[in-house]
Amino acid sequence: MKIRRVLVADRGPVACRILQTVHRLGLASVAMPAGADREVLLAAARSAGADAVHPGGSLLAADADFAQAVADAGLTWIGPGPDAMRTLFEPARAQELAHAFGIPCRSGNGGAQPPQARHVGVQVVADMHGRCLHLGECDGSVRHGGWPLLQESPSPGVDASLRERLGAHAVELARAAGFAGVGTVEFLLDAHGRFWLLGMDPRPELALTEMVTGLDLVEWQLRLAGGERLPYRQEHLNLQGHAVAARLGVDDESFGPQTGRVQVFRPPPAGEGRAAAARLRFDHALSEGAEVGAGDDAFLGLLVAHGARRDEAIARLLAGLDALQVLGVPTNRRRLAACLRHPEFAAGQAGTDFLARHGGALRAELDSQEFRAAPDAALALLLPQGPAGELAAPFPRPWRVRHQGDLLDLPVCEADGVAVPPAQVALVGPRRWHVQSGAVDLFLEDASYDPPAGAGPQWGP
C-alpha cells in the first residue's frame with residue numbers, strides 16, 4: 001500500500017471506525033475535526049507528514065473543491081475523484097447521466113412519496129482500472145430529520161431480481177462517471193417494485209455492509225485510493241445472513257436536541273471471540289466524561305446486530321439496546337427499541353412514513369412505561385441495590401419527586417429482605433438524577449421541599 005500516514009478530517013463514531021482499520025494496517029494517523037478550515041486541514045496534513053486525507057463521514061466527503069485541493073497539494077484523496085463527484089453529486093448532471101441509461105429519477109424533496117415507499121442505498125465499490133461491483137443494498141426507510149434511525153441489509157422489500165436490477169443501474173452510473181472508491185447510490189422504491197434514483201452519497205454504509213459481506217470497506221477505501229485493483233468479481237460476492245442497525249443519538253422524546261456530559265457509559269457485551277464480535281458491534285466514540293451535544297456531536301454511535309435470519313438479528317439488537325447504558329444525557333435508546341418491536345417493522349413492512357403514522361402512539365407508550373417505572377426508579381435513589389440493610393426502618397417516610405413536571409408523593413417503608421429492582425443511577429444536576437432500569441430511561445428530581453403534590457398522579461399497583 002502506497003499510503004503511509006492518513007489525516008482523518010472527522011471526529012466521532014465514523015472517525016473512530018476508520019482509525020481502527022488505519023491502525024490495523026500499520027499506518028500512522030492524525031485526526032482533525034471536519035469543521036476546521038480547508039487550509040488549516042491541509043497545513044495540518046503537511047506538518048504531520050500525512051500523505052493522504054480521509055474525509056470520514058463529514059460533508060467534506062462530497063466537497064469536490066476540497067478533494068481537488070488535496071490532490072493539488074500532492075496528497076492522496078481517499079474517496080471518489082473531483083470530476084466524478086461533480087458528475088454524481090450535482091443533481092442536474094446526475095439525472096442527465098441517469099436518463100442516458102433509462103433510470104427514472106426523482107428529487108429527494110420533490111413531490112409526494114408513494115405509500116409504503118422505501119429508501120434504499122446500493123453500495124458500490126470501484127477501482128481505477130474499470131472494475132465496479134455492487135455489495136447489495138441497505139434499507140434506511142425509518143427516518144427522521146434526513147437520517148435513518150433504523151437500517152438493515154438486505155432490505156425486506158428487495159428480492160433477488162430487484163437487487164440485480166438496482167445493482168446493475170448503480171454500477172452503470174458509477175462506471176460512466178469514472179467513480180473510484182466506495183459509495184452509495186440511493187433509490188426510492190414503491191410497494192410494486194418500481195424505483196427512482198435519488199442521488200449518490202460518497203459515504204458508504206460501513207457497518208451493515210461489512211456485517212453481511214465480511215469485507216473491511218475502510219481497508220478497500222485505502223487500497224483503492226492507492227491505485228490497487230479489486231480482486232473480486234460480482235459472482236464472488238454473496239450476502240451472508242441479515243444485519244440490523246440502530247442509530248443512537250442525543251435527543252428528548254420530542255426529537256429535540258440536547259447537550260450534556262456522559263456520566264455513565266457501559267457498552268453492551270458482545271461476548272467472547274471473533275464470532276461473537278461479528279454478531280453484535282457498536283461503532284462509537286463514547287467515554288465517561290465526554291461532552292456531547294447538538295449537530296454532529298448528537299450522533300453517539302451505531303449499534304449493529306447480525307443473525308442468520310432477520311428475526312434473530314432484530315432480537316440480538318434489542319438485547320444490545322436494553323443492555324447499553326448511557327447516562328447523563330437523554331438519548332433515543334428507548335424509541336429505537338420501540339420501533340424495532342413494532343409489528344409493522346417486525347413484519348418488514350415499515351416505509352418512509354413509519355414515524356409519521358406511528359410516532360405519536362410510540363411516544364404515548366414510552367410515556368406510559370415511564371409512568372409505571374417511576375416508583376421503582378425513585379426507590380433506587382433512596383435505597384441500596386439488593387436486599388435492605390439490617391437497620392431497616394419499618395415506619396413510612398415521605399419521599400417526593402418530580403417527573404416530567406408532575407410532583408409525585410411516594411411513602412417509603414424499608415423492610416428486611418426487600419430488594420430494589422436493579423437500576424443504574426447518575427447525578428446530572430442539583431437534586432436531579434438520570435435512572436436507567438432495563439429498557440426504561442427517566443429523569444427524576446428531588447422535590448422533598450416543594451409544596452405537596454395535591455391532586456397529582458396517584459401511584460399504586
Practice prompt. Answer yes if at least one residue in the stretch 65-83 is surrounded by fewer than 14 Cβ atoms within 10 Å (Cβ to Cβ) and hydroxyl-bearing (S, T, Y), and no otherwise.
Written response: no
Worksheet item: When you look at Q349, is it surrounded by fewer than 18 Cβ atoms within 10 Å (Cβ to Cβ) and at pLDDT below 95, yes or no?
Response: no
Practice prompt. Check A61, A48, A44, A67 and return the single one that is of a type outside the set (S, T, N, Q) and touching a helix residue (DSSP H, G or I) at 6+ places or on another chain (Cβ under 8 Å).
Written response: A67
Worksheet item: If you check H134, H144, H192, which single one turns out to be more than 25 Å from A338 (Cα to Cα) and touching a Leu at 6+ places or on another chain (Cβ under 9 Å)?
Response: H134
Worksheet item: Looking at G417, G429, G405, which is the one that is surrounded by fewer than 17 Cβ atoms within 10 Å (Cβ to Cβ), at pLDDT below 70 and over 30 Å from G146 (Cβ atoms)?
Response: G417
Fill in: Qualifying position, being in contact with a helix residue (DSSP H, G or I) (Cβ under 6 Å, 6 or more places away or on another chain), modelled with pLDDT under 95 and either farther than 14 Å from R131 by Cα or in the same structural domain as E312 (by TED's automatic domain parsing) (or both), among A191, A177
A177
Item to complete: Specify the residue that is farthest from the chain's Cα centre (by Cα); the eligible residues are those in the stretch 150-165 that are surrounded by fewer than 24 Cβ atoms within 10 Å (Cβ to Cβ) and within 16 Å of P204 (Cα to Cα).
Response: P154
Worksheet item: Of (1) surrounded by 24 or more Cβ atoms within 10 Å (Cβ to Cβ); (2) over 14 Å from the mean Cα position of the chain (by Cα); (3) without any contact (Cβ under 8 Å) to a residue 24 or more places away in the chain, D139 satisfies all except one. Which?
Response: (2)
Worksheet item: Would you call T209 β-branched (V, I, T), under 24 Å from L97 (Cα atoms) and surrounded by 18 or more Cβ atoms within 10 Å (Cβ to Cβ)?
Response: no
Item to complete: Answer yes or no: is there a residue in the stretch 136-149 that is under 14 Å from R203 (Cα atoms), among the hydrophobic types (A, V, I, L, M, F, W, C) and not assigned by TED's automatic domain parsing to the domain that holds A246.
Response: no
Practice prompt. Mind counting the residues in the stretch 380-402 that are at pLDDT 70 or above, assigned to a loop (DSSP other than H, G, I, E, B) and under 41 Å from the mean Cα position of the chain (by Cα)?
Written response: 1
Fill in: Test for R223: is it of a type outside the set (D, E) and surrounded by fewer than 18 Cβ atoms within 10 Å (Cβ to Cβ)
no
Worksheet item: Among D311, D322, D283, D296, which is the only one that is within 24 Å of R11 (Cα to Cα), modelled with pLDDT of 90 or more and not in a loop (DSSP other than H, G, I, E, B)?
Response: D283
Worksheet, complete the sentence: From the option list V218, V212, single residue qualifying as out of contact with any strand residue (DSSP E or B) (no Cβ under 6 Å at 6 or more places or on another chain), of a type in the set (A, V, I, L, M) and at pLDDT 95 or above is V218
Discussion item. Between a residue in the stretch 16-43 that is on the phi < 0 side of the Ramachandran plot and any residue that is of a type in the set (F, W, Y) and assigned to a helix (DSSP H, G or I), which pairs come within a Cβ distance under 6 Å, given they are 6 or more apart or on different chains?
Written reply: R38/F66
Worksheet, complete the sentence: For the stretch 55-64, the count of residues that are in a helix (DSSP H, G or I) and over 14 Å from A84 (Cβ atoms) equals 2
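The values are calculated or read from the model by the stated rules, or taken from the named source; none is laboratory data. Just so it is clear, the model here is predicted, and its values are computed rather than measured. Positions of Cβ are generated from backbone atoms using ideal geometry, with glycine treated the same way; all protein chains shown enter the neighbour counts.
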